[in-house]
């Protein structure tokens, strides 16, 4: 495996293609050489091959689906109905959004107002400093408070 695993990525891709039977001879040779060296890729190729074998066995045991004339007629009728509906919708005249009923009605005002309230609340939260109730809540002094304490300590030390 090289630094970035591109050889193993290529081996995984080729293992999937090999399971599908889509490898050329040079790719098959390269995959065989790489899986001879790399145990992870050898295990991956074996797992993909087992999945392929299970799928082939399942395909052999699954009966071929048959479509009856009645089912085909139902499908045809459903397709024709949908096509008629699509043509009807496409032929309707377009009404501009301003002229539609309820354009500024309650159906749009409520969600818009809720979004605006939410945005104002977020803005207020982001622009408000945290409230310090007591030193037990993780009190963090401001820089000015720290400076005052340090100056007081220096003055009392010089006086002593």
Principal axis dimensions, largest first and in whole angstrom, of segment 1-91 by Cα: 63, 38, 22
Ranked by how many other beta carbons lie within 10 Å on average, peptides 120-129, 43-52 from highest: 43-52, 120-129
Taking 31, 114 and counting other C-beta atoms within 10 Å, the order from fewest to most: 114, 31
Calculated on alpha-carbon atoms, Rg and Dmax of segment 13-61 in Å: 11.5, 37
Shape box of segment 39-84 [Cα atoms, principal axes, largest first, Å]: 59, 25, 5
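Taken together, the values in this text are just the output of simple stated rules run on the coordinates, not laboratory data. Fair warning: this is a prediction, and the values are worked out from it, not measured in the lab. For neighbour counting, all protein chains shown are included, and Cβ atoms are generated from backbone atoms with ideal geometry for every residue, glycine included.
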